[in-house]
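Peer 1: I have a structure I would like to understand better, so I am pasting it below and will then ask my questions one at a time.
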Amino acid sequence: MNLLILPWLAFLLSLDSPNFEPQLIDSNVSIGYGIVVGDVDGDGKPDLILADKKQFVWYRNGDWKRFVLVENLTERDNVCIAARDIDGDGKVEIAVGAQWNPGETNDEAQSGSVHYLIRPDDPTQLWTPVQLPHEPTVHRMYWVKTGRAAYQLVVLPLHGRGNKAGEGAGVKVFAYEKPANPKDPWKMTLIDESMHLTHNMISKDLSVGEGETIFIGGKEGIKSFSYQDNAWFAGPTTESPPGHESYGELALAVIPAKGMLLAGIEPMHGNQVTTYTATQESTLPQRIVLDKSLKEGHGIVTGDFLGNGTVQIVAGWRTPNEAGDIGIKLYEPVNENYTEFKPHWIDQNGMATESLAAADLNGDGKLDLIASGRSTNNLKIYWNQRE
């Protein structure tokens, strides 16, 4: 018998349903556009940071008390947030996007915004916003590592200028470099303008170039970009299957001792949870459809939530499907080739998932889940209670 199969046999004989205990953190969320995790107050514990309709707020780890970072920043809704410790002081730097107006793709005054928030001495008080140049329809942003101690803020609009229904000019993806004084001009570098109707992006350290690689999902599928020799360069791409209008949510994970797994929701705001696996045995990524029952899928994460050495996928959606359900499901691989998955409910009808995140919030070595809900107007932590 192949000795590599023995751990899988033991795993299959001991399959257990995931055990998550929900805790309601906030029942008055307006929309919950985006939730990220990071240490705001420097106490060594990860806090929750939320982009809500008219406020950017954070919740302190432990008592989960809510504090406002900034409010009424623009005329229209807030839409995205990026938080990461980029200077090594143990506290996150925060950038935000607002003026959400996806129907206006020409006028940057009426659509989109990018602000850096200057931290006060007391982080529970209001922060000071610094407005930066931007493209219309700003939709997502991430702090991406570009060197040993260097980071750039990568900002992704939904459309290109003048873009109509995914046709026209490409989406201009810019990287911003923070100066010592954030009120000084920020250097901006154009990463790409080849994609149309993008939706989300992730970053991952793949030991390519000098930092992390970003993956952008959109109408054309998925494109990757890495940073090397003071410049961004394009990497491998994955075309969307024929008939798919776009690629929405995405998450990337390393399959231990096997290869890579890319999980996603297709098409944008779509109904399908998919994986693309590239293993040592395969020459081309293999596409697997895990679920076709979602409606307006709007969050996906990967990780070993079960603690069995495999990669699982967690996905959520925000609109009742044909069965009348909303919520969050975990998909567990049941063979060593990651071609079959078993679904488990995490939250059935208690979360209209707008944003989804995963982190070990209490330092017990187990990944917890965090979700914010649009029509359910809530923010929850799902505490991982596995043995």
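The values are calculated or read from the model by the stated rules, or taken from the named source; none is laboratory data. This is a predicted model, so every value here is computed, not measured. Note that we place each Cβ from the backbone using ideal geometry, even for glycine, and neighbour counts take in every protein chain shown. The protein model used for the area step is the full one, side chains on, heavy atoms only, and it has no ligands, DNA or RNA in it. Shrake-Rupley method; radii C 1.70, N 1.55, O 1.52, S 1.80 Å.
Peer 1: Considering region 109-146 alone, what residues qualify as being over 28 Å from N230 (Cα atoms) and of a type in the set (D, E, K, R)?
Peer 2: Scanning region 109-146 gives R119, D121, D122.
Peer 1: So how many residues does region 277-320 have that are closer than 14 Å to S375 by Cα and among the polar types (S, T, N, Q)?
Peer 2: 1
Peer 1: Among the residues of region 134-149, which ones are part of a loop (DSSP other than H, G, I, E, B) and of a type outside the set (D, E)?
Peer 2: H134, P136, T137, R148, A149
Let's see how each residue does on (1) over 17 Å from the mean Cα position of the chain (by Cα); (2) surrounded by fewer than 24 Cβ atoms within 10 Å (Cβ to Cβ); (3) not polar (S, T, N, Q):
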residue	(1), (2), (3)
Y331	yes, yes, yes
W345	yes, yes, yes
G350	yes, yes, yes
A358	no, yes, yes
L369	no, no, yes
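Peer 1: Would you please name the residue that is farthest from A323 (Cα to Cα), looking only at residues in region 253-280 that are open to solvent by less than 20 Å² (accessible area, probe 1.4 Å), β-branched (V, I, T) and in contact (Cβ under 8 Å) with a residue 24 or more places away in the chain?
Peer 2: For region 253-280, the residue satisfying everything is I255.
Peer 1: Modelled with pLDDT of 95 or more, within 21 Å of A357 (Cα to Cα) and touching a strand residue (DSSP E or B) at 6+ places or on another chain (Cβ under 6 Å), is that true of V114?
Peer 2: Judged against the criteria, V114 is not a match.
Peer 1: I need a count of the residues in region 59-73 that are under 16 Å from Y116 (Cβ atoms) and under 22 Å from the mean Cα position of the chain (by Cα).
Peer 2: 2
Peer 1: Would you mention how many residues in region 92-109 are among the charged types (D, E, K, R) and within 22 Å of L69 (Cα to Cα)?
Peer 2: Residues that pass the stated criteria total 1.
Peer 1: Take the residues in region 178-203 that are open to solvent by 60 Å² or more (accessible area, probe 1.4 Å) and touching a residue at least 12 places away in the same chain (Cβ under 8 Å); name whichever of them is farthest from H298 (Cα to Cα).
Peer 2: Across region 178-203, the extreme among qualifying residues is K183.
Peer 1: Another question, then. Any residue in region 125-140 that is closer than 15 Å to G217 by Cβ and under 23 Å from the mean Cα position of the chain (by Cα)?
Peer 2: yes
Peer 1: Right, something else. For region 289-322, give me each residue that is of a type in the set (A, V, I, L, M), touching a Phe, Trp or Tyr at 6+ places or on another chain (Cβ under 7 Å) and open to solvent by 20 Å² or more (accessible area, probe 1.4 Å).
Peer 2: L290 - this is the single residue of region 289-322 that is of a type in the set (A, V, I, L, M), touching a Phe, Trp or Tyr at 6+ places or on another chain (Cβ under 7 Å) and open to solvent by 20 Å² or more (accessible area, probe 1.4 Å).
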